[in-house]
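Coordinate-derived values only; no laboratory data. As the structure is a computational prediction, the values presented were derived from the model and not from experiment. In this analysis, Cβ positions are derived from the backbone assuming ideal geometry, glycine residues included, and neighbour counts consider all displayed protein chains.
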């Protein structure tokens, strides 16, 4: 019987600094192609010609537990001011197989959502 490969463990590195135990969730980039319909002479229909990636196709999101003041300090960095690296392992419990996964992106923070603040509650930052 086949079992799905589940994310077993992961970490997020920002500029080489580990956030193990502090990052709660990472949303990898949603890869989507930008296409343009093209129909040339003799073609009975059009085909979608690839024109690169859609806007936002390389965006990555992360949710952090607690206040990350050092990330606030990097707000407004240049377009290539930060390096992000997701490193995880997907595990198949039926076979014992472990598949490493690594995603590297570069860019800057375009949104910092500090959520709500309530004493005694988890302050989740996006």
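Cα gyration tensor of region 34-99, axes a ≥ b ≥ c as square roots of the eigenvalues: rounded (a/c below 1.5), prolate (a/b > b/c) or oblate? Can you show the working numbers first?
Details: a/c = 4.34, a/b = 1.51, b/c = 2.88.
It is oblate, given that a/c is not under 1.5 and a/b is not larger than b/c.
How high is the FRET efficiency from residue 17 to residue 55, r the C-beta distance, R0 41 Å, rounded to 0.05? It would help to have the intermediate numbers written out before the result.
Values: r = 29 Å, r/R0 = 0.70.
Efficiency, rounded to the nearest 0.05: 0.90.
In percent, what relative contact order does the chain have, based on Cα pairs under 8 Å that are 6 or more apart in sequence?
Details: 229 pairs, mean separation 37.0, N = 126.
It rounds to 29 percent for the chain.
Could you tell me the center-to-center distance, by alpha carbons, between region 74-107 and region 25-68 in angstrom?
19
If r is the Cβ-Cβ distance from residue 94 to residue 10 and R0 is 22 Å, what FRET efficiency results, to the nearest 0.05? Let's see the in-between values first.
Values: r = 21 Å, r/R0 = 0.95.
Efficiency for this residue pair is about 0.55.
For the chain, modelled as a Gaussian network with Cα springs under 10 Å, which listed residue fluctuates most, 43, 68, 60?
43
From the Cα gyration tensor of the chain, with a ≥ b ≥ c the square roots of its eigenvalues, which class applies: rounded if a/c is under 1.5, or else prolate if a/b is larger than b/c, or else oblate? Please list the in-between numbers first.
Working: a/c = 2.51, a/b = 1.41, b/c = 1.79.
It is oblate, given that a/c is not under 1.5 and a/b is not larger than b/c.
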